[in-house]
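First up is the structure itself, then whatever we jot down about it.
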Amino acid sequence: MTFWEIFFYSLIEGLTEFLPVSSTGHLIIFSHYLAKENEAFTKSFEVIIQFGAIFSVIVVYWKTFFSSLQFYKNLFVAFLPAAVIGFLMRDLVTEWLGSIAIVAWALIIGGIVLILSDFYFKSSATEGKGLEKLNYKESLYLGLFQCLALIPGVSRSGATILGGLALKYNKKAAAEFSFFLAVPTIAAATLYKSYKIVPTITSDQVSSLLLGCFLSFVIAIVAITTFIKLVSRYGFKHFGIYRIALGSLILILSQ
């Protein structure tokens, strides 16, 4: 991979992993139009650089990760649905990953839902509960919402955030829990895929992977801190508009 390919893949991963726009969808689109979706190392690179994005959450919210045992219990309960359902549906999900049309429609439908959420959850989004109110039952519900992201283009963070709003949590709390839940969810998926990938990586590719992880880590930190400020002030409608525009463009180009 060239430096610019490494940079743009890392930019997409770091910038979109925690935004409600679907990092998987963006990586599929980028690879498709670069004609790299079938290259083995490109697929490996897309998986492994997620470690950088995961680590960014731990760095930004390190105090929370050392807060209490209850935090980890809630996180574990929320993680379980994706672990079980994702494993059972792994073959179907792999098939979906090859369809850019699925990504486009998921972006459009998800965009519409995000725009509507600004109106439907208007009061709870600003005056809702904080994460100190989270219990096991609601953690399980949030985990089930996250499973919607098994469809590429839906957005893991977007589904979890909307789940949090539906449970009457405020925007900041819903967004932050989606970040926290990303750590076990993405780490488990990445480790599972990496187990098969690592033996295929050559020594000359290691430097590209390390650079990709570092770039995605730095960019994800910027994305996380900026997103909280943006969503608290402006809501989700702008992300929804972007999703609809991108999904529509992909459908037009696919004709």
Subject >> Label point distance in nm, GLU5-SER194, each placed 7 Å from Cα along Cα→Cβ >> reply: 2.2
Original post:
Out of SER68, SER31, SER194, any idea which swings most in a Gaussian network model of the chain, alpha carbons joined below 10 Å?
Top reply: SER68
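If the viscosity is 1.567 mPa s and the temperature 4 °C, what translational diffusion coefficient in µm²/s does Stokes-Einstein give for the chain when Rh comes from Kirkwood over Cα pairs?
Numbers: Rh = 18.3 Å.
Calculated translational D: 71 µm²/s.
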**OP:** Could you tell me how many degrees, from 0 to 90 and to the nearest 10, lie between the Cα long axis of helix 3-16 and the main elongation axis, the longest principal axis, of the Cα atoms of the chain?
**Re:** 20
Subject >> Pairs of lysines in the stretch 43-187 (C-alpha under 28 Å apart; 8 or more residues apart or interchain) >> reply: 28
**OP:** Would you look at the GNM of the chain, springs on alpha carbons closer than 10 Å, and say which of ILE201, ILE102, ILE29 moves the most?
**Re:** ILE201
Original post:
Per residue Cα convex hull volume for the stretch 143-255, in cubic angstrom?
Top reply: 144
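As an exercise, identify the chymotrypsin sites (Phe, Trp or Tyr not before Pro) in the stretch 24-82 lying in DSSP coil whose Cβ has no more than 13 other Cβ atoms within 10 Å. Provide the component values of the computation, followed by the final result.
Details: sites: PHE30, TYR33, PHE41, PHE45, PHE51, PHE55, TYR61, TRP62, PHE65, PHE66, PHE71, TYR72, PHE76, PHE79; in loops: TYR61, TRP62.
Sparse-neighbourhood loop chymotrypsin sites (Phe, Trp or Tyr not before Pro): TRP62.
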Subject >> Cα centroid separation, the stretch 197-255 to the stretch 68-90 (Å) >> reply: 23
**OP:** Find how much the distance from ILE241 to ILE109 grows on full extension, using 0.36 nm per residue of separation minus their present alpha carbon separation; answer in nm with one decimal.
**Re:** 46.4 nm
Original post:
Simple spin-label model, 7 Å along Cα-to-Cβ: GLN70 to THR94 in nm?
Top reply: 4.2
Original post:
How high is the relative contact order of the chain, given as a whole-number percent (alpha carbon pairs under 8 Å, six or more residues apart)?
Top reply: 39
**OP:** Treat each spin label as a single point 7 Å out from the Cα along the C-beta direction, and report the LEU34 to LEU140 distance in nm.
**Re:** 4.2
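Restricting to DSSP H runs of at least four residues, report the calculated mean residue ellipticity at 222 nm for the chain, -39500 (n - 2.57) per run over all residues, nearest 500 deg cm²/dmol.
Values: 13 runs with 197 residues, N = 255.
Per the formula, -25500 deg cm²/dmol.
Rule-based calculations on the coordinates, nothing more; no lab input. Remember, it's a predicted structure, so these values are computed and weren't measured experimentally. Counting neighbours? That spans all protein chains shown, and the Cβs are built from the backbone with ideal geometry, glycine included.
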